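First up is the structure itself, then whatever we jot down about it.
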Amino acid sequence: MRIALAADHAGYELKAGIARYLAEKAVAFTDLGCGPNESVDYVDFAAKGAAEVLAGACDRAILVCGTGMGMAVVANKFKGIRATPCWNAYTAEMSRRHNDSNCLTLGGRTTPLAAAVGIVQIWLDTPFEGGRHARRVDKIKELENRNFKP
Ligand code: RB5
């Protein structure tokens, strides 16, 4: 499993901590930025992370902004990405079991590193349950293929 890791300036510190954690746990990752002391637009970094997954270069993405919300909004514009903001163990577990999340979004201004690494570990370890949840995820995929023009 290889993780695409990206953040804006508000998520930079938390991204750095998560990168250290992934390295300690021998989880492969690609750091897509941003770098320190930059002010960037979360939109660009969410797009980089989503594109890395859709290109097959990484299996999943972890995206960090101030709240995790902007990253999720952007990443979910990409067909095939199921981005889930998670803020505790339960939401991390359910995002995998029920939603087959392939993109975890976190808030650098809302979630301390100690909590974030717990969320990351659960999100990495928890399998998708399948069954009725696979039917629902399939419906999401159908919606992605629909033309919403009136
Ligand atoms: C940046 O100030 C902040 O708006 C951004 O990190 C994010 O929280 C947006 O959703």
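Conditions (1) within 16 Å of the ligand (Cβ to nearest atom); (2) assigned to a loop (DSSP other than H, G, I, E, B); (3) over 12 Å from the mean Cα position of the chain (by Cα), marked per residue:
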| site | (1), (2), (3) |
| --- | --- |
| T84 | yes, no, no |
| T91 | no, no, yes |
| M94 | no, no, yes |
| N99 | no, yes, yes |
| T105 | yes, no, no |
| T110 | yes, yes, yes |
| A115 | no, no, yes |
| V120 | no, no, no |
| W123 | no, no, no |
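To keep it simple, each residue is scored yes or no on (1) touching a residue at least 12 places away in the same chain (Cβ under 8 Å); (2) within 16 Å of the ligand (Cβ to nearest atom); (3) closer than 18 Å to L124 by Cβ.
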{"site": "I3", "(1), (2), (3)": "yes, no, yes"}
{"site": "A28", "(1), (2), (3)": "yes, no, yes"}
{"site": "R60", "(1), (2), (3)": "yes, no, yes"}
{"site": "M69", "(1), (2), (3)": "yes, yes, no"}
{"site": "A75", "(1), (2), (3)": "yes, yes, yes"}
{"site": "F78", "(1), (2), (3)": "yes, no, no"}
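Suppose we keep only residues that are under 19 Å from K77 (Cα atoms) and basic (K, R) within the stretch 1-60. Which one would you say is surrounded by the most Cβ atoms within 10 Å (Cβ to Cβ)?
The selected residue is R60.
Looking at (1) crowded, with 18+ Cβ neighbours inside 10 Å; (2) over 16 Å from A16 (Cβ atoms), which is the only condition H98 fails?
(1)
Yes or no: the stretch 51-71 includes at least one residue that is farther than 15 Å from A116 by Cα and acidic (D, E).
For the stretch 51-71, residues farther than 15 Å from A116 by Cα and acidic (D, E): present.
Values quoted throughout were computed directly from the atomic coordinates according to the rules given, and no laboratory measurement underlies them. Nothing here was measured: the structure is a model prediction, and the numbers come from that model. Backbone-built Cβ (ideal geometry, glycine too); neighbour counts: all protein chains shown.
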